[in-house]
Amino acid sequence: MNDRSISKKDQIILQQLDVIRSMTEHNLSRMGTDFWGHPSAPPEKAPPSAPAGPAPQNTDGGAPGSAASTGNDDTKAPEQPAPEPEKIEDLLAELDGYIGLAAVKKEVKNLINMVTVYQMRKEHGLPTTDLSLHMVFSGNPGTGKTTVARIMARVYHSLGILSKGQLVEVDRSGLVAGYVGQTAIKTRKVIDTALGGVLFIDEAYALNGRSENDFGQEAIDTILKAMEDHRDDLVVIVAGYDGLMDEFIHSNPGLESRFNRFLHFEDYSLDEMLAIFDMQCKKGCYEVDEETRGMVRDFIQEENVSSVSFGNARGVRNIFEQILVHQANRLAAQENVSRDDLMRIIPKDILMARGMEEDAPQNKADAAPAAPEDDGPGHKETT
């Protein structure tokens, strides 16, 4: 039994060696697609799969302290080169195209002008003062903080301040770990991803620990060190509610010294939120007449009892999606649906989204043909 089993094993090994030889003879790269499923996969996965032990140590150079991630970064780097800087005029035009944000737009343009002159002075060999580009964004949800942070990353890249111009968005859960020593490692990983761009920390005040066993301060200390070590190629933007962000910045001398630019994002007005709805309709090829648009305005006004709970632009987006659900339900019940039907939003869609029945005239019209209950032959209703 043992001899037979050994011989079978030998046969299997010999067969495998034959397969390997044939693969080598017919060009392993051609077989790679069949093996890994994607043409780009073999260069990344083949090297570590053969020598299980030394594979992580085969990376060439790289940043110290992150051998495993450095290996992955080395293989992905050629596939994700830094994008070409965009024209600053195009970025400013995009910024101007955003609804509302008048005060923010003004501050951003001031900052762009200051950075532009700063760069010109450097090019001409003139002395320059230290330029801090780290910012504090304060305001309620849905006021455009993330959107402006993203365009600021692209602006800094266009001006030559940042090498890549990407935005890495994170909150407390992406920075703080549950055990001693792990928070710094976790935070440094995020920082490494953000190098060359903007690290955007939403609800940053949550990093302020409220107990002795909280590791939020460790994340703050790691971020402050990175801001100093990589001040030429990293911008940090912290964001959150007005009062809480003030408390957060003033809770730490290191934060106060590094964050000296504050941008406040006002709540959207009713007209601006209606304009956001119009923009969503335009993007999605939906048509709304004036009557329906007035009903949408009433819907937004009714829902926006609190800018915090409603969420400004997010609330408008939710209303838009609710209306589309009821438009879809209405169209699904029709026998024939034209292209115009697919594009048109009607008052009934708004009423149903608000949880209301059809308007009174429609109900009366529907009820008119209905006959009274028949109490028997010859019965006539008298008044």
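Summary of values
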| item | result |
| --- | --- |
| Table column - 3J(HN,Hα) (Hz), the range 333-346, Karplus curve with 6.51, -1.76, 1.60, x for Gly and Pro | 7, 7, 6, 10, 10, 8, 5, 5, 4, 5, 8, 8, 9, 10 |
| Sum of side-chain charges, Ala353 neighbourhood, beta-carbon under 12 Å (Lys, Arg +1; Asp, Glu -1) | -2 |
| Contact order normalised by residue count of the range 129-246, Cα under 8 Å, 6+ apart, percent | 34 percent |
| Cα→Cβ-extended label distance, 7 Å offset, between Arg121 and Arg344, nm | 6.2 nm |
| Potential lengthening between Leu244 and Ala332 on full extension [0.36 nm per residue; Cα-Cα distance subtracted] | 27.0 nm |
| Within the range 109-249, percent of DSSP bridges classed antiparallel, to nearest 5 | 0 percent |
| Potential extension, Glu256-Asp214 segment - 0.36 nm per residue separation minus Cα distance | 13.0 nm |
| Accessible area, probe 1.4 Å, largest first, for residues Met120, Met295 | Met120, Met295 |
| Solvent exposure, largest accessible area first (probe 1.4 Å, DNA, RNA and ligands not counted), of Lys282, Lys87, Lys348 | Lys282, Lys87, Lys348 |
| List Glu247, Glu203, Glu84, ordered by accessible area with a 1.4 Å probe, largest first | Glu84, Glu247, Glu203 |
| Hypothetical label at Thr146: residues of the range 159-173 whose amide nitrogen lies under 11 Å (7 Å Cα-Cβ projection) | 169-171 |
| Unsatisfied cross-links (Cα-Cα over 23 Å) in the set Lys109/Lys186; Lys109/Lys189; Lys164/Lys225; Lys109/Lys164; Lys105/Lys145 | Lys109/Lys186; Lys109/Lys189 |
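The values are calculated or read from the model by the stated rules, or taken from the named source; none is laboratory data. Owing to the predicted nature of the structure, the values given are computational and were not obtained by experimental measurement. Backbone-built Cβ (ideal geometry, glycine too); neighbour counts: all protein chains shown. Heavy atoms of the whole protein, side chains included, go into the accessibility calculation; ligands, DNA and RNA do not. Shrake-Rupley method; radii C 1.70, N 1.55, O 1.52, S 1.80 Å.
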